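Below: one structure, written as structure tokens.
The values are calculated or read from the model by the stated rules, or taken from the named source; none is laboratory data. Everything numeric here is computed off the predicted structure, so don't read it as measured data. Ideal geometry is used to build each Cβ from the backbone, glycine not excepted, and the neighbour counts take in all protein chains shown.
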Amino acid sequence: MVLGLVLSTQAGAKGTGYVFVSHEKTNNIAVIDPKQEYKVIQWIPTSHRPRDMKFGDDRRLLYVACGDDDVIDVIDVATLRIADHIPTGSSPEMFELSRDEKTLYVSNEEGSLVQEISIADKLIMREIATGAEPEGLVISSDGKTLYVTSEVTDMVHVVDAEAGVVTDNIVVGTRPRRLLLLPDGKQLWVSNELSGQVSVIDRGTNRVLTTLDFLPPGFRQADVTPVGMTLTKDGKSAIVALGRANHVAFVDTATRKIEAYVLVGSRAWGVAFSPDEKTLYVANGLSDDLSIVDTESRKAVRAVPVGRVPHSVLVDD
Amino acid sequence: MIKGAHGLAAASLAAVLGSSPFSIAAHPEAPEVGGMKLGYAELADDPRYADRGAHSGIVFTDLGRPYQGSQVALEDAGAIGRVTGVEFSMEKATAKSADELAQRTSRWVTDDDIHFVLADLPAAALKDLARGLADRPVMLINISAPDDSLRGADCASNVAHTYPSQAMLSDALMQYLVAKGWLQILVLQGPTPEDAALVAALQRAARKFHAQIVETRPFLLTNDPRNREQTNVALMTAGLRYDVVYVADGSGEFGRYIAYETSLPRPVVGTAGLVPTAWSWSWDRDAAVQLQHRYERISPPRRMNGADWAAWEAVKAVTQAVMRARSTAFDAVRDFLLSDKLSLDTVKGNPGSFRAWDHQLRAPVLLSTADAVIARAPLPQYLHQTNVLDTLGIDAPETACRF
């Protein structure tokens with residue numbers, strides 16, 4: 001099936017700027033075209049509870065982890081239809097592709113493990129035990145190291161991707177959710193949902209270098225629940241979505257200064273830039289909409305209604 | 001090497017800093033494994049779990065003991081244990097009296113280096129046990145008694161509470177009633193002291209949030225026609241105006257017949273209808289479903305209840321404190337546990353910590369029907385100068401607790 005897709009010659013879908021939003025409760029993905037007044041040009045029905053999304057095969061394929069059906073759906077980006085399913089263990093949430101795109105690393109929050117799945121064979125090749133509720137994953141640019149957060153045990157596991165073993169554990173803040181590798185190759189950022197912070201880890205020593213605290217005006221520490229993060233292509237500016245504080249933070253990665261807080265919708269999680277980085281998209285899980293943020297004025301200029309409980313945003317850039 | 005409170009080698013906790021690896025496979029550099037045992041105390045004939053007053057012969061209350069909740073947290077702590085080199089385990093004592101529990105617990109301290117004991121006890125037994133252990137290095141964690149007295153006049157410095165107080169539960173419900181504009185409350189009160197305590201807590205919450213109890217009417221569980229004024233729901237709810245009916249019925253035998261039987265078409269809250277609770281199996285946000293599933297995997301016949309949650313949270317509080325304090329020594333863990341540095345996942349949104357003035361865990365309260373969580377308190381309308389969770393229950397200025 002995957003092979004068949006590779007043969008499909010339609011490459012017109014590349015670089016469309018389409019915005020894909022997954023919805024945990026309506027079991028679909030909204031495809032939004034910013035050039036058509038942010039119209040939802042397609043609703044792609046998926047398996048149950050779609051969450052994390054990643055492009056594959058030069059953006060011809062879209063992988064979507066569907067937690068309640070224990071599969072990763074494979075969507076043909078050209079036709080915007082489901083083309084295939086890859087079975088996983090129980091409740092996949094976040095995942096990462098190996099650099100050669102032959103392997104999926106999937107965190108199973110119910111099983112307390114990361115599964116290594118061969119895409120071509122649709123086989124679980126290996127299971128790596130983690131702390132309870134593994135969530136965010138990121139793979140180093142050389143493909144050799146995988147980092148995984150465990151929400152319940154408050155740590156980041158460092159995994160040797162080749163050997164499939166945990167080689168180190170880094171205790172971070174409370175309920176670590178997502179990971180961000182900085183392009184300098186030296187820093188790993190971790191969003192800690194309950195302690196309301198980002199831990200900055202030195203990849204050389206696997207130690208927490210410093211902690212960034214967020215506090216948008218009018219909010220309290222307990223309201224600040226950072227989850228989603230993204231970076232500009234040059235790595236100079238990071239975006240941290242602050243969850244129940246209903247803001248996103250713009251952070252200068254060199255100085256680690258918080259430059260701005262932008263008010264968005266309710267419980268902001270998923271974030272992604274438009275191809276020209278003039279626009280930031282923010283998925284608001286409790287207001288069921290997508291905030292359109294102008295990155296120059298740093299203001300939300302529009303809210304686009306989407307499905308129920310939007311989770312992740314991905315842009316075809 | 002960090003030493004335990006009684007000189008036992010506890011663990012090599014340098015691993016917390018991330019310098020020591022672990023994996024499922026045995027690792028040559030794996031930290032030396034020490035142990036940290038917790039205790040669990042319950043009464044064999046705890047009246048709360050007896051099949052009492054089954055008017056119809058069928059018991060409808062959830063009688064499960066919360067021990068399984070603690071076991072889920074112990075399992076969760078496995079990964080923390082592998083990293084920190086501390087293997088967490090638990091000893092359980094089921095005794096006939098608080099005295100016997102005090103003896104068992106004292107022996108635990110000396111023989112097993114146990115200092116943190118989950119207490120699934122009614123208020124009187126918990127009070128006795130706390131008194132019996134006053135001079136021992138033991139912290140009791142109350143996982144099932146809601147009594148306000150335990151956080152007030154009868155409070156003890158060697159007790160912390162993960163189970164919400166009756167004041168917290170009542171305030172949670174009252175926030176919702178007031179937010180809805182249901183300010184006129186008719187109270188139906190059962191015959192037990194527990195029912196009286198529920199009504200007392202409701203009266204306090206009504207004063208705090210400016211609602212009115214229009215009348216309190218007693219009810220009885222009987223078929224005696226001479227008592228129909230106290231058994232017939234339609235009669236009991238007739239003849240006055242009210243927005244909502246509050247039922248105080250610890251037996252659970254009466255309350256479930258009130259909805260749809262009231263004289264006026266009004267919602268039912270309290271121990272029936274919309275119930276304030278520490279946990280509901282139907283809560284599906286803030287990673288609750290994952291916790292629920294971990295619970296059901298080890299406890300198949302039952303779903304998680306409020307005391308299960310409190311037991312789970314109690315073990316989590318201790319294991320978190322061990323990890324963050326980088327110690328298994330009693331004083332260090334206790335100090336961290338009770339400090340404002342504790343940021344405990346409540347799986348209900350807001351992070352929890354223990355109130356300095358009465359050792360009550362701050363945590364949200366769920367307002368739940370039989371199969372849905374309608375709201376999570378504190379409601380966003382209610383603000384507080386330091387922590388919104390302190391809008392629930394007894395705040396520092398009003399506490400009667402003196403440690």
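The table below gives the values:
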item: Residue in region B:378-392 that is in contact (Cβ under 8 Å) with a residue 40 or more places away in the chain, touching a strand residue (DSSP E or B) at 6+ places or on another chain (Cβ under 6 Å) and of a type in the set (Val, Ile, Thr) present; result: no
item: Of residues in region A:93-124 being without any contact (Cβ under 8 Å) to a residue 24 or more places away in the chain and in a strand (DSSP E or B), the one surrounded by the fewest Cβ atoms within 10 Å (Cβ to Cβ); result: A:123
item: Residue check, residue A:142 surrounded by fewer than 24 Cβ atoms within 10 Å (Cβ to Cβ) and in a strand (DSSP E or B); result: no
item: Among (1) surrounded by 22 or more Cβ atoms within 10 Å (Cβ to Cβ); (2) in a loop (DSSP other than H, G, I, E, B) - the single one residue B:301 does not satisfy; result: (1)
item: Neighbours by Cβ (under 6 Å, 6+ apart or cross-chain): first from region A:125-138, closer than 25 Å to residue B:74 by Cα and more than 8 Å from every other protein chain (Cβ to nearest Cβ); second hydrophobic (A, V, I, L, M, F, W, C) and in a loop (DSSP other than H, G, I, E, B); result: none
item: Qualifying residue in region A:193-209 (condition: facing another protein chain (nearest Cβ under 9 Å), out of contact with any Asp or Glu (no Cβ under 9 Å at 6 or more places or on another chain) and under 21 Å from residue B:78 (Cα atoms)); result: no
item: Answer residue from region A:50-78, given it is in a loop (DSSP other than H, G, I, E, B) and surrounded by fewer than 23 Cβ atoms within 10 Å (Cβ to Cβ) and is modelled with the lowest pLDDT among those; result: A:57
item: Hits in region A:267-290 - residues which are in contact (Cβ under 8 Å) with a residue 40 or more places away in the chain and part of a strand (DSSP E or B); result: A:268, A:269, A:270, A:271, A:272, A:273, A:279, A:280, A:281, A:282, A:283, A:290
item: Selected residue [modelled with pLDDT of 95 or more, over 17 Å from residue A:60 (Cα atoms), among the small types (Gly, Ala, Ser) and assigned to a loop (DSSP other than H, G, I, E, B)] from A:47, A:22; result: A:47
item: Entirely in region B:85-150, the strands (runs of 3 or more DSSP E) that have 2 or more residues that are closer than 19 Å to residue B:44 by Cβ, charged (D, E, K, R) and in contact (Cβ under 8 Å) with a residue 12 or more places away in the chain; result: B:86-95
item: Those residues of region B:353-363 which are within 14 Å of chain A (Cβ to nearest Cβ) and either acidic (Asp, Glu) or without any contact (Cβ under 8 Å) to a residue 60 or more places away in the chain (or both), in sequence order; result: B:353, B:362
item: Looking only at region A:155-164, and only at residues there that are touching a residue at least 24 places away in the same chain (Cβ under 8 Å) and in a loop (DSSP other than H, G, I, E, B), the one that is surrounded by the fewest Cβ atoms within 10 Å (Cβ to Cβ); result: A:164
item: Index of the failed condition, residue A:211 passing every other in (1) over 20 Å from residue A:117 (Cβ atoms); (2) in contact with a Leu (Cβ under 9 Å, 6 or more places away or on another chain); result: (2)
item: Selection from region B:334-393 of residues that are aliphatic (A, V, I, L, M), over 26 Å from residue B:290 (Cβ atoms) and in contact with a His (Cβ under 7 Å, 6 or more places away or on another chain); result: B:338
item: Where residue B:316 falls short, out of the listed (1) in a loop (DSSP other than H, G, I, E, B); (2) touching a residue at least 60 places away in the same chain (Cβ under 8 Å); (3) closer than 22 Å to residue B:71 by Cα; (4) facing another protein chain (nearest Cβ under 10 Å); result: (1)
item: Some residue of region A:166-177 being more than 14 Å from every other protein chain (Cβ to nearest Cβ), part of a loop (DSSP other than H, G, I, E, B) and farther than 26 Å from residue A:18 by Cβ; result: no
item: Number of the exception - residue A:122 against (1) away from chain B (no Cβ under 14 Å); (2) closer than 29 Å to residue A:258 by Cβ; result: (2)
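For (1) touching a helix residue (DSSP H, G or I) at 6+ places or on another chain (Cβ under 8 Å); (2) surrounded by 14 or more Cβ atoms within 10 Å (Cβ to Cβ); (3) assigned to a helix (DSSP H, G or I); (4) in the same structural domain as residue B:256 (by TED's automatic domain parsing), each residue gets a yes or a no:
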{"position": "B:197", "(1), (2), (3), (4)": "yes, yes, yes, yes"}
{"position": "B:203", "(1), (2), (3), (4)": "no, yes, yes, yes"}
{"position": "B:207", "(1), (2), (3), (4)": "no, no, yes, yes"}
{"position": "B:226", "(1), (2), (3), (4)": "no, no, yes, yes"}
